[in-house]
Amino acid sequence: MCEDWIAVLPFKGNGRSKTRLPVPEAQQLAQQWLTQALEQCLSTPSIGQTWVVSLGDQLQLPPAVRWMRQAGPGLNEGLREWRSLQRPRRWLVILPDLPHLTGADLEALIQNCPRPGLALAPDRHRRGCNALAVDGCSPELVFGKDSFLRYQAQPLAQAVIERCGLANDVDTLEDWNCLACQPR
């Protein structure tokens with residue numbers, strides 16, 4: 001039997017999420033997208049555990065979801081803290097601002113991850129990385145500006161997974177306007 005994957009979703013929380021998205025409902029949307037992403041993780045057969053790593057107070061999460069408050073200030077710091085405590089072999093990071101994320105997207109990321117190696121899900125611009133699957137290796141965590149390009153530069157076996165649900169994140173008004181022509 002294959003070892004289950006562990007999903008981890010970083011989430012700022014406490015009013016810190018989606019500060020670059022200038023719409024009145026940005027905080028509510030961030031929470032809604034987190035909930036949707038958690039639902040997809042929980043319904044994906046290959047995922048055995050789901051975690052939220054957050055700067056904020058503990059959130060109301062489904063009972064099956066585990067939560068960790070990070071000490072460090074940034075997304076990468078929180079993920080490093082989580083990784084050092086959990087020491088996972090097969091895990092994935094999903095940035096929870098993907099309104100069209102599906103379980104099929106997550107399965108594609110998992111099933112195409114080299115062993116050992118990474119499966120990378122770039123954003124629609126092919127500059128940022130919206131999700132990452134890791135099997136049996138320890139990549140440097142470099143989420144942020146040009147993260148897809150920086151992950152590609154790491155000397156690890158890699159697969160690139162391009163799917164609509166993984167590519168269309170919402171960080172800015174431009175992203176929001178592109179999303180507006182798709183079902184929300």
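The values are calculated or read from the model by the stated rules, or taken from the named source; none is laboratory data. Source: prediction; values computed, not measured. No Cβ is skipped: glycine too gets one built from the backbone with ideal geometry, and neighbour counts run over all protein chains shown.
PRO88 satisfies every condition listed in (1) at pLDDT 95 or above; (2) closer than 23 Å to ALA30 by Cβ; (3) assigned to a loop (DSSP other than H, G, I, E, B) except (2).
Report yes if GLU3 is at pLDDT below 95 and among the charged types (D, E, K, R), otherwise no. In short, yes.
Is region 132-139 home to any residue that is under 19 Å from PHE11 (Cβ atoms), at pLDDT 95 or above and in a helix (DSSP H, G or I)? Among the residues of region 132-139, not one is under 19 Å from PHE11 (Cβ atoms), at pLDDT 95 or above and in a helix (DSSP H, G or I), which makes the answer no.
The C-beta contact set for region 135-153 (first residue farther than 20 Å from ALA108 by Cβ, second residue among the hydrophobic types (A, V, I, L, M, F, W, C) and part of a loop (DSSP other than H, G, I, E, B), distance under 6 angstrom, 6+ apart or interchain) comprises ARG150/VAL142.
A single entry from SER43, SER54 fulfils the requirement of being out of contact with any strand residue (DSSP E or B) (no Cβ under 7 Å at 6 or more places or on another chain), among the small types (Gly, Ala, Ser) and at pLDDT 80 or above: SER43. Take ARG66 and tell me if it is among the basic types (Lys, Arg) and farther than 17 Å from CYS41 by Cα. Spelling it out, it is not the case that ARG66 is among the basic types (Lys, Arg) and farther than 17 Å from CYS41 by Cα. Restricting attention to region 60-81, the residues that are surrounded by 15 or more Cβ atoms within 10 Å (Cβ to Cβ), in a loop (DSSP other than H, G, I, E, B) and touching a Leu at 6+ places or on another chain (Cβ under 8 Å) total 2.
Among the candidates ARG127, ARG90, which residue alone is charged (D, E, K, R), free of Cβ contacts under 8 Å to residues at least 60 places away in the same chain and touching a helix residue (DSSP H, G or I) at 6+ places or on another chain (Cβ under 9 Å)?
Numbers: ARG90 fails: free of Cβ contacts under 8 Å to residues at least 60 places away in the same chain.
So the residue among ARG127, ARG90 that is charged (D, E, K, R), free of Cβ contacts under 8 Å to residues at least 60 places away in the same chain and touching a helix residue (DSSP H, G or I) at 6+ places or on another chain (Cβ under 9 Å) is ARG127.
Kindly check whether there is at least one residue in region 151-167 that is at pLDDT below 95, buried (at least 17 other Cβ atoms within 10 Å of the Cβ), within 26 Å of GLU25 (Cβ to Cβ) and in contact with a Cys (Cβ under 7 Å, 6 or more places away or on another chain). No, region 151-167 contains no residue that is at pLDDT below 95, buried (at least 17 other Cβ atoms within 10 Å of the Cβ), within 26 Å of GLU25 (Cβ to Cβ) and in contact with a Cys (Cβ under 7 Å, 6 or more places away or on another chain). Residues in region 107-131 that are farther than 13 Å from ARG90 by Cβ, assigned to a helix (DSSP H, G or I) and among the aliphatic types (A, V, I, L, M): ALA108 alone. One residue stands out in region 40-86 among those that are charged (D, E, K, R) and either touching a Ser or Thr at 6+ places or on another chain (Cβ under 6 Å) or touching a residue at least 12 places away in the same chain (Cβ under 8 Å) (or both): the one that is farthest from ALA131 (Cα to Cα), namely ASP57.
Annotation for region 170-177: at least one member residue is touching a helix residue (DSSP H, G or I) at 6+ places or on another chain (Cβ under 8 Å), more than 20 Å from LEU42 (Cα to Cα) and at pLDDT below 95.
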